[in-house]
Amino acid sequence: MPLPNRQNSDGRNPRHVGMIMDGNGRWAERRLLPRAAGHRAGVKVLEPVLEAAGEAGVESLTLYAFSTENWTRPQGEVDTLMRLFLETATERVPELGERGVRIRFVGRRGLLPDDVLGSMQRAEELTSGGDRLDVYIALNYGGRSEIVDATRRMISDGLDPDDVTEEAFGRYLYAPEVPELDLLIRTSGEMRISNFMLWQIAYAELYITETLWPDFSKEEFNRAVESFATRSRRRGGV
Ligand code: IPE
Ligand code: IPE
Ligand code: MG
């Protein structure tokens, strides 16, 4: 069944939600399972979250899947994660495409294994016509590297220093077309940003929950959206 048509009419719901999907390892450790089991359980949560996002009229969802710092994990865990990305991108994407989801990847493409890169490209092609929900997967993503990459491209384009405005900078980000980040959700209770969307986070509302990512649900996504709707976004005003 396709996701509902985009409808975010009253402006109280977030247009762009970012999610730091954290706590897979702890979820597994509490069950005396290997960390890989937590990552597998985490993949299952994607479906209900995408559904909830579509129903809430969210236009764009950015999911933090693997940071530029996550390469420092033991090689076995990195390999497990890469295998899971490959599997998920291959097996789940056709159905998401049918439901109107458009998938894009943000982050540095270098360092990723060739088969993963291939599956990412196929996922982007296969879902390019999706018009219900834009899902950005942050893979080998770092907020600092995004800023550095944007700066490099501005310099190589020969931008005049006077033309380097906030708007111009925004056009050099990995996904310049996406609206600003309205709501950032982080699971598993950590009160930090961990290098996620440093530029875009400037006026995002934060929702941090103790729930570990594999236990996250559609209901909790809806609670985060409801909490967002009650916030007064003053943006430095009164
Ligand atoms: C998030 O869960 C998944 C990735 C970072 C890829 P973690 O693996 O960080 O889980 P914890 O934080 O160790 O519980
Ligand atoms: C952030 O989680 C990265 C992702 C969810 C992909 P981490 O588990 O890597 O962050 P830290 O280590 O707690 O800061
Ligand atoms: Mg973690």
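Observations on the structure shown:
- Inter-site label distance for residue 87 and residue 33 at 7 Å from Cα along Cβ, in nm: 1.1
- Once the 1.4 Å probe is applied to the protein heavy atoms, the chain comes out at 51 Å² accessible per residue.
- At R0 = 22 Å, FRET efficiency that the Cβ-Cβ distance of residue 222 and residue 26 yields, to 0.05: 0.40
- Accessible-area composition of the chain, carbon plus sulfur, in percent [1.4 Å probe]: 51
- The chain, relative contact order in percent, only Cα pairs under 8 angstrom and at least six apart counted: 29
- Segment 47-97: GluC sites (Glu not before Pro) falling in loop per DSSP and having at most 12 other Cβ within 10 Å: 69
- Spin-label model distance (nm) - residue 169 vs residue 55, 7 Å beyond Cα toward Cβ: 3.8
- FRET E, pair residue 144, residue 1, Förster distance 45 Å, beta-carbon r, rounded to 0.05: 0.70
- Qualifying trypsin sites (Lys or Arg not before Pro) in segment 1-70, where qualification requires a DSSP coil assignment and no more than 14 other C-beta atoms within 10 Å, comprise 12, 31.
- Between segment 126-162 and segment 1-76, the C-alpha centres lie 20 angstrom from each other.
- Modelled spin labels at residue 152 and residue 238, positioned 7 Å past Cα toward Cβ, are 4.7 nm from each other.
- R0 of 22 Å, Cβ-Cβ distance residue 177-residue 229: FRET efficiency to nearest 0.05: 0.35
- The gain in end-to-end length when the residue 193 to residue 77 segment is fully stretched comes to 39.6 nm, 0.36 nm per residue minus the alpha carbon separation.
The values are calculated or read from the model by the stated rules, or taken from the named source; none is laboratory data. Because the structure is predicted, anything quoted here is derived from the model rather than measured. Methodologically, a virtual Cβ is constructed for each residue, glycine included, from the backbone with ideal geometry; neighbour enumeration extends over all protein chains shown. Note: accessible area is taken over every heavy atom of the protein model, side chains too, but ligands, DNA and RNA are not part of it. Shrake-Rupley method; radii C 1.70, N 1.55, O 1.52, S 1.80 Å.
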